[in-house]
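Beneath this line is the structure, given in C-alpha cells, with notes to follow.
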C-alpha cells in the first residue's frame with residue numbers, strides 16, 4: 001500500500017517533508033488529536049484483504065510539510081487482530097520519521113505496553129500524555145519529565161479536546177525527526193531475557209539484513225515472541241537459520257521460567273510498564289470526581305441496564321423521528337425545486353420515450369431515494385455515534401452488553417451498530433469497523449441486515465398495522481428478533497475462529513466538544529456519500545429500464561411458483577419486491593401502483609386484492625431479505641463482494657423460507 005497524501009509528497013518551496021504515525025488505544029483521544037492537527041483533510045487507504053482503514057492527512061507546521069498517518073486504535077501491535085496487524089504493517093511499510101504514541105494519564109501502566117512495543121521495534125518515538133486534566137481531577141499526577149528520562153523519549157502532556165500541548169508535541173516530533181535530540185534506550189528487561197535477545201541479535205547480524213529495515217535486536221524480540229508473520233517471512237530467506245536459533249533460545253527461556261518465551265516477554269513488558277508507571281505517577285487518596293461516580297452507575301447492572309434501555313430507546317427515537325423529519329424535508333425540497341427541472345430537461349433532450357423515462361428513474365427518483373435514506377439517517381446516526389464517543393458512554397454500553405454479545409460471536413462494542421441498524425443499515429454496517437476481526441464484522445453485518453430499518457418499519461406500519469392490525473405488526477418484530485438471535489448463534493458456531501475478548505479500560509465521562517462532533521460526523525458522512533450514491537444511481541437506472549421496457553412484467557411467470565405457490569401472494573406483489581432493493585418503502589408504494597396497472601383503478605386499498613394474511617407475509621418477506629442497494633454497496637466495501645453475495649443469497653433464501661412457513665402457519669391458525 002502506498003502511504004501518501006493525494007500523491008507522493010515532494011519538497012515544495014524549500015519545505016522539509018516528514019512522516020509521523022499517530023497511534024494509541026481507541027479511548028485516549030487519538031482521533032481528536034488527529035483532527036486538530038490535520039483539520040480532517042484526509043484520504044483513506046486499505047491493505048489488501050483488510051477492511052480496517054488507515055487515515056492519512058497532510059499539515060503544515062512552521063516551515064515543515066508533515067504527513068500524518070492515523071493508525072487504527074489498538075492496545076498493542078502484536079498482529080493478533082486486523083486492527084493490530086494494519087497498525088503495525090503501516091508503520092513497517094511507511095517507516096515514519098517519528099511515531100506519536102498517545103497514552104492515557106489515567107491508566108498509564110496499561111497504556112505503556114504499546115509504547116514499549118514500539119521502543120522494542122526501535123522506532124523514533126514521542127509520547128503524548130493525554131487526558132492530564134482528567135487525571136488531575138482524579139488526584140493523579142504524572143511526572144512527564146521523569147517519565148521522559150526513564151523511557152529515553154520526549155513525553156508531552158496534552159489535552160486533546162482543547163488542543164493544549166499539541167504545538168509542543170509537534171515541535172518535539174520535528175526535533176526528533178531532525179535528530180536534534182539524542183534518544184537513549186535506558187530501559188531493559190531482566191538479564192535472563194536480555195541475554196537470549198542479544199545472542200539472537202548477534203546471530204542475525206552475522207547472517208543477513210532483517211526485513212523492513214528492522215534492527216537485529218528488534219527482529220530478535222519478534223522471533224522470541226514467536227510472531228507468526230515474521231516466522232513465516234523468514235522461512236525462505238537467508239535468515240531462516242535464525243528461526244532455529246530462536247527456537248533453541250526460546251526453549252532455554254521456557255525451561256528457566258516454566259512458560260513459553262512469548263508469554264515471558266509479554267509478562268516482562270507488562271512488568272516494566274507497571275514499574276515505570278509506579279515511579280512517575282502519584283495518586284492523591286480520597287479523590288472521586290463526578291465522572292467516576294457516573295461510570296459506576298452506568299456500568300452497574302442494577303442502575304446501568306435501565307439507563308441503557310432508556311438510552312437505546314432515545315437513540316432509536318432520534319434516528320427514526322429525526323431522520324424522518326430530514327427525509328421528508330429533503331424529499332419535499334427535491335420534489336418542489338429540482339424534480340420537475342430534471343424531468344423537463346430529459347424530456348426536452350430525448351423526448352417522452354423510454355430513454356427519457358429510464359434516465360428520470362435514475363437521476364430523479366434514484367437520487368431522491370438516496371437523499372431520503374442516506375443523508376437523513378446517516379447524518380443522525382453519525383451525530384449520535386460521535387456524541388457517545390466524546391462523552392464516554394459508548395464504553396458503558398459495551399461493558400453492559402458484552403456477555404450477551406458473546407453468545408452471538410461478538411463483543412460489547414457491537415451493540416451500537418446493531419441498534420443503529422434500526423435507523424439505517426448503511427451507517428450501522430460502516431460502524432462495524434469498531435470490531436476487531438473480519439469474523440466479527442461478518443456476523444455483525446449479517447445481523448444488521450436483518451434488523452428492521454426505518455424504511456422497513458414504514459412498510460410494517462404502513463401495510464400491516466394499517467390494514468391488518470397492530471398485533472400482526474408486533475409479531476413481525478418478534479419473528480425478526482428471534483431470527484437475529486438464532487442466526488447470530490448459528491454463525492458463531494459455523495464460522496471458524498472465536499470472538500475476541502473486550503479489552504477495555506475506564507474512560508471518564510466528560511463534556512463533548514460540539515466542533516469535534518461536527519467534524520467527525522462530516523468526515524464519516526462524506527465517506528458514505530462517495531460510496532453509496534453511485535450504486536444507488538446505477539441500480540435506479542437498471543430497475544427503471546426493466547419497468548419502462550416492460551421486461552419487469554415478464555418476470556412474473558418464472559417467479560410464479562415462489563410468489564404465488566409458496567408465499568401465497570399475488571404475482572404483482574412479487575414484482576414490487578424487486579424494486580424494494582432500491583428502497584423498501586418504495587415497494588409498498590409500487591405495490592399499489594402496479595396493482596392499479598394490473599387490476600384497475602379500484603385497487604387503491606391493499607385489502608381490495610390482498611387479504612390480511614397476504615399483507616402480513618408480504619411485509620415479513622420484505623423485512624427479512626437484503627435491505628437496499630446502498631446497503632449492498634457498503635457491504636461490498638466493508639466485507640468484500642464474495643461475503644456480500646453470500647449474505648444476499650442467505651437473506652433472500654431465509655425470507656422466502658420464513659415467508660412460506662408464516663403463510664401456512666397463518667392459514668392453519
Please report, ordered by residue number, the strands (runs of 3 or more DSSP E) entirely within the range 84-149 with at least 1 residues that are within 28 Å of the chain's Cα centre (by Cα). 98-104, 125-130
Out of the residues in the range 175-196 that are under 15 Å from residue 155 (Cβ atoms) and touching a strand residue (DSSP E or B) at 6+ places or on another chain (Cβ under 8 Å), state the one that is modelled with the highest pLDDT. 176
Yes or no: the range 244-260 includes at least one residue that is part of a helix (DSSP H, G or I), under 37 Å from the mean Cα position of the chain (by Cα) and farther than 17 Å from residue 121 by Cβ. no
Being closer than 25 Å to residue 111 by Cβ and either at pLDDT 75 or above or touching a helix residue (DSSP H, G or I) at 6+ places or on another chain (Cβ under 6 Å) (or both) is true for just one of 62, 30. Which residue is that? 30
Within the range 160-174, is even one residue at pLDDT below 95, surrounded by fewer than 23 Cβ atoms within 10 Å (Cβ to Cβ) and more than 19 Å from residue 36 (Cβ to Cβ)? no
Counting only residues in the range 549-568 that are modelled with pLDDT under 90 and not in a helix (DSSP H, G or I), the one farthest from residue 359 (Cα to Cα) is identified as 555
Restricting to the range 153-168, name every residue that is in contact with a helix residue (DSSP H, G or I) (Cβ under 8 Å, 6 or more places away or on another chain) and over 22 Å from residue 512 (Cα atoms). 153, 154, 155, 156
Kindly indicate whether residue 153 is surrounded by 22 or more Cβ atoms within 10 Å (Cβ to Cβ), assigned to a loop (DSSP other than H, G, I, E, B) and at pLDDT 90 or above. yes
Among (1) within 38 Å of the chain's Cα centre (by Cα); (2) closer than 26 Å to residue 93 by Cα; (3) outside any loop (DSSP other than H, G, I, E, B), the one test that residue 237 misses: (3)
Identify the single condition in (1) outside any helix (DSSP H, G or I); (2) over 27 Å from residue 487 (Cα atoms) that residue 409 does not satisfy, given that it satisfies every other one. (2)
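The values are calculated or read from the model by the stated rules, or taken from the named source; none is laboratory data. Here the structure is a predicted model, which means the values were calculated and not measured. Note: ideal-geometry Cβ built from the backbone for every residue, glycine included; neighbour counts use all protein chains shown.
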